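Written out below as structure tokens is the structure these notes cover.
The values are calculated or read from the model by the stated rules, or taken from the named source; none is laboratory data. Because the structure is a prediction, the values reported are computed rather than measured. When we count neighbours, we look across all protein chains shown, and the Cβ atoms used for this are built from the backbone with ideal geometry, even at glycine. Note: accessible area is taken over every heavy atom of the protein model, side chains too, but ligands, DNA and RNA are not part of it. Shrake-Rupley method; radii C 1.70, N 1.55, O 1.52, S 1.80 Å.
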Amino acid sequence: MKKILFIIANLLIISNLVVAQKDKKATAILDEMSKKYQTMKSFSAAFTYGVEGTNAKLTESYKGDVTVKGIKFRLKMAGQEVFANGKDLYTYVKETNECNVTEFNPTEMEELSPTKIYTIYKKGYKYVFLEEVKEGSQFYEVVELSPEDKSSKVAKVQIKVDKKDKSVKSWKVWDKNGKRTVFRVDKFSPNAPADDKIFTFDKKKYPGVEVVDLR
């Protein structure tokens, strides 16, 4: 569970992971990005993620999508679906056709919650502006984050932000062994319609599912 939620926090975005090294340019970029996402009532994103090889191409790639509304979210990726309706947390695994239900506590989840990824940069990470890059006609600003906790499994994170509208284009996560996991936003829909019903697991849509209530 923590693994899937950690990935979420890096996917959507991680958009605002960071802290205390007072790089003014990086701070300005992250603050503008945070403001952009927090002013939305809801949003949804489709993304591609995978492991990057030495040629900068993905050696493995998968698709996923997420919808966020306030503290509520629904995530689909890697054969799993995670639902959080503000009260309960549902984790469905397709391979076993099983869904575990636990209490949802956004306070305890801290940075693992995708609903906090745009504010958690204020603690736990150092950050610096790395470079500006051009891809086609678009310009992007790259910010590099490194965890203050030396025991963290994450070595560093690079976030690529659209210079014009401050939306997240992609982010790359290095682990301590040098493995690079890349997340690329394929489609982003701000203020996307999000009926509250989609944040609660509906067993009627999953024939034969075993629901394990751990609350």
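For segment 78-92, which residues satisfy the criterion of being assigned to a loop (DSSP other than H, G, I, E, B), under 22 Å from residue 195 (Cα atoms) and open to solvent by less than 60 Å² (accessible area, probe 1.4 Å)?
85, 86
Kindly provide the set of residues from segment 157-195 that are on the phi < 0 side of the Ramachandran plot, among the charged types (D, E, K, R) and over 13 Å from the mean Cα position of the chain (by Cα), ordered by number.
Within segment 157-195, 160, 162, 163, 164, 165, 175, 176, 179, 180, 186, 187, 195 qualify.
Kindly provide the set of residues from segment 26-53 that are open to solvent by less than 40 Å² (accessible area, probe 1.4 Å) and either without any contact (Cβ under 8 Å) to a residue 40 or more places away in the chain or among the β-branched types (Val, Ile, Thr) (or both), ordered by number.
Result: 27, 29, 48, 51, 53.
I need a count of the residues in segment 153-171 that are under 16 Å from residue 184 (Cα atoms), assigned to a strand (DSSP E or B) and either open to solvent by 40 Å² or more (accessible area, probe 1.4 Å) or not hydroxyl-bearing (Ser, Thr, Tyr) (or both).
Looking only at that region, the number is 9.
When residues of segment 25-72 are filtered for being farther than 24 Å from residue 144 by Cβ and among the aromatic types (Phe, Trp, Tyr), how many remain?
2
In segment 54-77, what residues are of a type outside the set (Gly, Ala, Ser), within 18 Å of residue 95 (Cα to Cα) and open to solvent by less than 70 Å² (accessible area, probe 1.4 Å)?
Passing the criteria: 75, 77.
Just checking, which of 167, 189 is touching a Ser or Thr at 6+ places or on another chain (Cβ under 6 Å) and of a type in the set (S, T, N, Q)?
After applying the criteria, what remains is 189.
With the requirement that a residue be assigned to a strand (DSSP E or B) and either surrounded by fewer than 18 Cβ atoms within 10 Å (Cβ to Cβ) or of a type in the set (D, E, K, R) (or both), what does segment 178-187 give you?
Selection gives 180, 184, 186, 187.
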